[in-house]
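Everything below concerns the one structure shown next.
The values are calculated or read from the model by the stated rules, or taken from the named source; none is laboratory data. Model, not experiment: these values are computed from the prediction. Because the Cβ atoms are built from the backbone with ideal geometry, glycine has one as well, and the counts that use them run over all protein chains shown. Areas reflect the complete protein model, heavy atoms only, side chains present, ligands, DNA and RNA absent. Shrake-Rupley method; radii C 1.70, N 1.55, O 1.52, S 1.80 Å.
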Amino acid sequence: MSPKSRPNIVLRTATPDDSAVCGQICYNAFSTISLAHHFPPDLPEPNAAIGLLSMMFSSPGFYCVVAESEGRIVGSNCLDERAAICGVGPITVDPGAQNLGVGRALMEAVMDRARQKGAAGIRLVQAAFHNRSLSLYASLGFDVREPLACMQGRTQQRTVPACTVRTAQFADAEACNSLSRRVHGFDRGADLELSIQQGTARVVEREDRITGYSTQLAFFGHTTAETVVDLEALIASAESFGGPGILVPTRNHGLFRWCLSNGLRVVQPMTLMSYGLYNEPAGASLPSILF
Ligand SMILES: CC(C)(COP(=O)(O)OP(=O)(O)OC[C@H]1O[C@@H](n2cnc3c(N)ncnc32)[C@H](O)[C@@H]1OP(=O)(O)O)[C@@H](O)C(=O)NCCC(=O)NCCS
């Protein structure tokens with residue numbers, strides 16, 4: 001493909017058989033951009049990307065597309081359709097085929113899909129240092145909503161007074177979903193249910209009721225709480241955070257300073273962006289890498 005010519009792009013639905021090729025592209029794309037900016041890659045090795053895409057390409061809760069040019073796969077994108085708000089990612093284009101319109105086509109495909117499904121909105125999280133993805137999403141209509149710090153470590157404070165953190169049970173789901181509806185205006189029940197099944201979900205209780213939950217204290221987990229104190233209790237309960245870290249909204253000044261004073265380190269800056277419906281959270285929360 002000539003670097004200056006716009007390729008003829010064909011989009012189609014992804015299948016599990018595409019996972020190996022798309023996973024390698026995903027790993028190459030993320031590690032190339034991160035290392036060029038001297039940040040650690042989001043995915044440690046190609047198999048992590050292949051496993052992630054294999055799960056998404058075979059899950060009924062996700063709509064996934066691949067882009068082909070001259071009969072060769074050059075990129076892929078995924079849409080999490082499990083809630084009233086859809087989440088985009090990971091979107092990746094082969095480093096040799098970037099800046100030629102493939103990413104825009106992959107984004108338009110999932111945005112069309114979300115509109116067809118009647119989603120109230122679409123969200124994503126991008127690496128704040130990545131000029132191209134920021135520009136692409138903004139030009140497609142996504143608004144910058146929340147600056148985030150991906151943070152890693154183990155808090156010095158291990159518990160928060162009056163808060164009890166425990167593993168979430170299926171019986172907790174309705175209280176957690178109701179909390180999410182109060183804080184965000186919608187729930188993420190399917191994501192929560194899967195995390196309870198996998199044993200990664202936690203709840204925090206204060207005054208004998210659930211005041212927060214986390215699907216996982218990790219890059220791919222989201223956390224929703226009534227107050228900053230409830231959120232701190234959940235964060236303090238984790239021995240470590242899965243993947244590169246948790247995504248802390250830095251405009252939540254008290255929370256961010258609490259994380260810093262507890263020894264957590266900033267790994268990289270990121271940005272939550274939204275298209276369509278967006279409500280400022282009426283509580284405290286950590287988005288996942290999808291939203
Ligand atoms: C981000 C990514 C998916 C975009 O795909 P792509 O095929 O390279 O992007 P496209 O060519 O479709 O679109 C890029 C747009 O940004 C514009 N752009 C690029 N750099 C820019 C800059 N510094 N300032 C303003 N606009 C810029 C381009 O002109 C283009 O706009 P246009 O469609 O109006 O011409 C791809 O670069 C990638 O895989 N990056 C590494 C992995 C990654 O970061 N993924 C995103 C995770 S959130």
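One residue is enough: does the range 26-36 have a residue meeting the conditions crowded, with 18+ Cβ neighbours inside 10 Å, modelled with pLDDT of 95 or more, of a type outside the set (Lys, Arg) and touching a His at 6+ places or on another chain (Cβ under 8 Å)? Yes, the range 26-36 has at least one match.
Over 16 Å from Glu108 (Cβ atoms) and in contact with a Pro (Cβ under 9 Å, 6 or more places away or on another chain) - does that describe any residue in the range 2-16? No, the conditions are met nowhere in the range 2-16. Being in contact with a Phe, Trp or Tyr (Cβ under 8 Å, 6 or more places away or on another chain), open to solvent by 10 Å² or more (accessible area, probe 1.4 Å) and within 13 Å of the ligand (Cβ to nearest atom): is that true of Pro95 here? Judged against the criteria, Pro95 is not a match. Taking first residues from the range 89-104 that are closer than 19 Å to Phe62 by Cβ and β-branched (Val, Ile, Thr) and partners that are more than 6 Å from the ligand (Cβ to nearest atom) and in a helix (DSSP H, G or I), the Cβ contacts under 6 Å between residues at least 6 apart in sequence or on separate chains come to Ile91/Leu106; Thr92/Ile25; Thr92/Cys26.
Yes or no: the range 126-144 includes at least one residue that is out of contact with any Leu (no Cβ under 9 Å at 6 or more places or on another chain), more than 13 Å from the ligand (Cβ to nearest atom), open to solvent by 10 Å² or more (accessible area, probe 1.4 Å) and without any contact (Cβ under 8 Å) to a residue 24 or more places away in the chain. Within the range 126-144, not a single residue is out of contact with any Leu (no Cβ under 9 Å at 6 or more places or on another chain), more than 13 Å from the ligand (Cβ to nearest atom), open to solvent by 10 Å² or more (accessible area, probe 1.4 Å) and without any contact (Cβ under 8 Å) to a residue 24 or more places away in the chain. Kindly evaluate Cys176 against the criterion of being closer than 25 Å to Glu239 by Cα, touching a residue at least 40 places away in the same chain (Cβ under 8 Å), within 16 Å of the ligand (Cβ to nearest atom) and open to solvent by less than 20 Å² (accessible area, probe 1.4 Å). Criteria not met by Cys176. Looking only at the range 50-92, filter to residues that are among the small types (Gly, Ala, Ser) and closer than 15 Å to Asn8 by Cα; which one of those is nearest to the ligand (Cβ to nearest atom)? Of everything passing the filter in the range 50-92, Gly75 is nearest to the ligand (Cβ to nearest atom). Among the residues of the range 195-212, is there at least one that is in a strand (DSSP E or B), under 17 Å from the mean Cα position of the chain (by Cα) and at pLDDT 95 or above? No, that holds for no residue.
Would you say Val228 is touching a Pro at 6+ places or on another chain (Cβ under 6 Å) and open to solvent by 10 Å² or more (accessible area, probe 1.4 Å)? It is false that Val228 is touching a Pro at 6+ places or on another chain (Cβ under 6 Å) and open to solvent by 10 Å² or more (accessible area, probe 1.4 Å).
Is it the case that the range 104-123 has a residue that's more than 9 Å from the ligand (Cβ to nearest atom) and of a type in the set (Val, Ile, Thr)? Quick ask: steps written out before the conclusion?
At the first step, the residues of the range 104-123 found to be more than 9 Å from the ligand (Cβ to nearest atom) are 108-123.
Cutting the leftovers down to of a type in the set (Val, Ile, Thr) gives us 110, 122.
Yes, the range 104-123 has at least one match.
Considering the range 145-155, and only residues there that are under 14 Å from Leu272 (Cα atoms) and of a type in the set (A, V, I, L, M), the residue that is nearest to the ligand (Cβ to nearest atom) turns out to be Leu148. The residue of the range 1-25 that is farthest from the ligand (Cβ to nearest atom), among those that are surrounded by fewer than 16 Cβ atoms within 10 Å (Cβ to Cβ) and of a type in the set (D, E, K, R), is Asp17. Among the residues making up the range 234-284, those that are open to solvent by 20 Å² or more (accessible area, probe 1.4 Å), under 30 Å from Ser139 (Cβ atoms) and part of a strand (DSSP E or B) are Val266, Val267, Pro269, Tyr275, Gly276.
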